[in-house]
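A quick write-up on the structure given underneath.
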Amino acid sequence: MENGTGPCGEERPPEAQETTVTEGAAKIVFPSANEVFYNPVQEFNRDLTCAVITEFARIQLAAKGIRIQVPGEKDMPKVVVDLSEQEEAKVELKEDENPAPGDQPPTAAVGKICEEGLRVLEGLAASGLRSIRFAREVPGLRSVVANDASSRAVDLMRRNVQLNDVAHLVQPSHSDARMLMYQHQKASERFDVIALAPSGSPASFLDAAVQAVSEGGEAALRIVLHSLDLRANCYQRFVVPLLSLSADFYVRVFVRVFTGQAKVKASASKQALVFQCVGCGAFHLQRLGKATGAPGGRVKFSAACGPPVSPECEHCGQRHQLGGPVWAEPIHDLDFVGRVLEAVTATPSRFSTSDSIESALLHAGFRVSLSHACKNAVKTDAPASALWDIMRCWEKECPVKRERLSETSPAFRILSVEPSLQANFTIREDANPSSRQRGLKRFQANPEPNWGPRPRARPGGRAAGEALEERRRQLQNKRKEPAEDPAQRAARLKTFPCKRFKEGTCQRGDQCCYDHSFQNPEAGADASPSDCPETLDQNPPGPGAATGPGVD
């Protein structure tokens, strides 16, 4: 979980072994050796985080009468924000009348300290790139704490902070991220934004994170929403998802955290177990709790009823597997997603991955849409029974060869049922999503060779590419089986009966490399080694020769 650790006072690699990288509005230096983690393919992740925090700052500061200024962005209408708990922790945005010239509200600009702005914590900051980008790209910040458990990483952070002239906003911190968050449990010391992006599971950080984030604050955590809400419930808090996505090789979740004992009681009804058929893949949710309306506007909480399925799948007759618990409520706040999308499209030059951000956000909340996680998949809230009826109707127009299907197969059982829904396969104009019509990216091309998760940063290590190449040299031919000794090969071949001897056509006699000791040779015997090679004395096999029986 740590981005490189090493003894204090150990000498840093010489300047000649450092690399300078420019990303967004930040410029950083980092060792060419893999001591402090930097992953260029995560630029989309960092761009999206900056975009989300900017809109969160816009909402939070608007409630205080402060407007933010984003470079290159045209003036946006003033908004009135209601963050009351009675409004289900949702944000209501209303256009206000244009203020008089003398009544212009105070503004918060990028790179300037906003005394009433957001306090941000990046728990695993490594080189400090993300925190520095916050300081140089996100307006309305009061402070940014860039923390890492590695002394080398913190030293590098200090250099990068000075290089980017953001020392007034970014405070490098050398501490265990969990202990640092536990030290900020008091309401007056909590952070408005906690960003955690570990190289692995963030489970060990959850307990501290949900306590250290302020009321209504946002925590960007790479974790399943259920685990986060479950941990928040321990402290009478609950989460409200803003934006969630699966991209590349990671999952990114942006949530707000609120306090409310009554609301926490509803959390059980937001979680569910998953019953999924091993045959056709149809799944059903089993809620862990039940919340129903009661007289007087009250909500009654009770135990859930179940299970939602029979022992065998109603569609194909196969068994079910049990998974979860999982978050069963919406994973997006459509209003917030729309605001982020509007801000990104208004200034496309703001992020180099703007096209990817726009494509990912367009799919949030669609009832039927293409998936951004799998190019051959669709997302829909239609029940499995309707989907299989559509498949049955399609099969009537494009029949499959039923004789090739086993009677116990899921496909055979599904197609044996007549559809109750008559599907219409006429092409509709609105079936082609606007994102595809506009040529937006849905799946990014790999930006470099060996693309994917990088190895964890290690002190004193060589650059990742050099280490990989060295590993390949060390394993050269090590995984291949050693060449077989000629005597061993001869003994092994003698364990197989001679096919030609069985047919009565082998002319080699005792010189044959296969076995002639069995009785009653006859044609048509069971499968055995094919043609006998030349005698071993005349043609001994060389190193690396094929070792299969009957192969020369």
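Look at GLU35 and say whether it is modelled with pLDDT of 60 or more and closer than 30 Å to ARG152 by Cα.
no
Can you pull out the residues in the stretch 395-433 that are open to solvent by less than 100 Å² (accessible area, probe 1.4 Å) and part of a helix (DSSP H, G or I)?
Answer for the stretch 395-433, where residues must be open to solvent by less than 100 Å² (accessible area, probe 1.4 Å) and part of a helix (DSSP H, G or I): GLU395, ARG402, PRO410, ALA411, PHE412, ARG413, ILE414, LEU415, ALA431.
Are there any pairs, at least 6 apart or on different chains, whose C-beta atoms fall under 6 Å, with the first in the stretch 482-506 and without any contact (Cβ under 8 Å) to a residue 24 or more places away in the chain and surrounded by 11 or more Cβ atoms within 10 Å (Cβ to Cβ) and the second assigned to a loop (DSSP other than H, G, I, E, B) and of a type outside the set (Val, Ile, Thr), and if so, which?
PHE501/HIS516; PHE501/PRO521; GLU503/ALA523
One line per residue, one yes/no per condition, for (1) assigned to a loop (DSSP other than H, G, I, E, B); (2) modelled with pLDDT of 90 or more; (3) surrounded by 15 or more Cβ atoms within 10 Å (Cβ to Cβ); (4) of a type in the set (Gly, Ala, Ser):
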| residue | (1), (2), (3), (4) |
| --- | --- |
| LYS94 | no, no, no, no |
| GLU97 | yes, no, no, no |
| SER127 | yes, no, yes, yes |
| ARG136 | no, yes, yes, no |
| ALA153 | no, no, yes, yes |
| VAL161 | no, yes, yes, no |
| HIS168 | yes, yes, no, no |
| ARG178 | no, yes, yes, no |
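Filter the stretch 304-357 down to the residues that are under 29 Å from PHE44 (Cβ atoms), charged (D, E, K, R) and either touching a residue at least 60 places away in the same chain (Cβ under 8 Å) or in contact with a Lys or Arg (Cβ under 8 Å, 6 or more places away or on another chain) (or both) and list them by number.
Of everything in the stretch 304-357, those that are under 29 Å from PHE44 (Cβ atoms), charged (D, E, K, R) and either touching a residue at least 60 places away in the same chain (Cβ under 8 Å) or in contact with a Lys or Arg (Cβ under 8 Å, 6 or more places away or on another chain) (or both) turn out to be GLU329, ASP333, ASP335, ARG339, ARG350, ASP355.
Would you mind stating whether ILE427 is touching a His at 6+ places or on another chain (Cβ under 6 Å) and not hydroxyl-bearing (Ser, Thr, Tyr)?
Answer is no for this residue.
Any residue that is at pLDDT 90 or above, part of a loop (DSSP other than H, G, I, E, B) and either more than 30 Å from SER204 (Cα to Cα) or not aromatic (Phe, Trp, Tyr) (or both) - is there at least one of those in the stretch 69-90?
Among the residues of the stretch 69-90, not one is at pLDDT 90 or above, part of a loop (DSSP other than H, G, I, E, B) and either more than 30 Å from SER204 (Cα to Cα) or not aromatic (Phe, Trp, Tyr) (or both), which makes the answer no.
The values are calculated or read from the model by the stated rules, or taken from the named source; none is laboratory data. These figures come from a predicted structure and were not determined experimentally. Note that we place each Cβ from the backbone using ideal geometry, even for glycine, and neighbour counts take in every protein chain shown. Heavy atoms of the whole protein, side chains included, go into the accessibility calculation; ligands, DNA and RNA do not. Shrake-Rupley method; radii C 1.70, N 1.55, O 1.52, S 1.80 Å.
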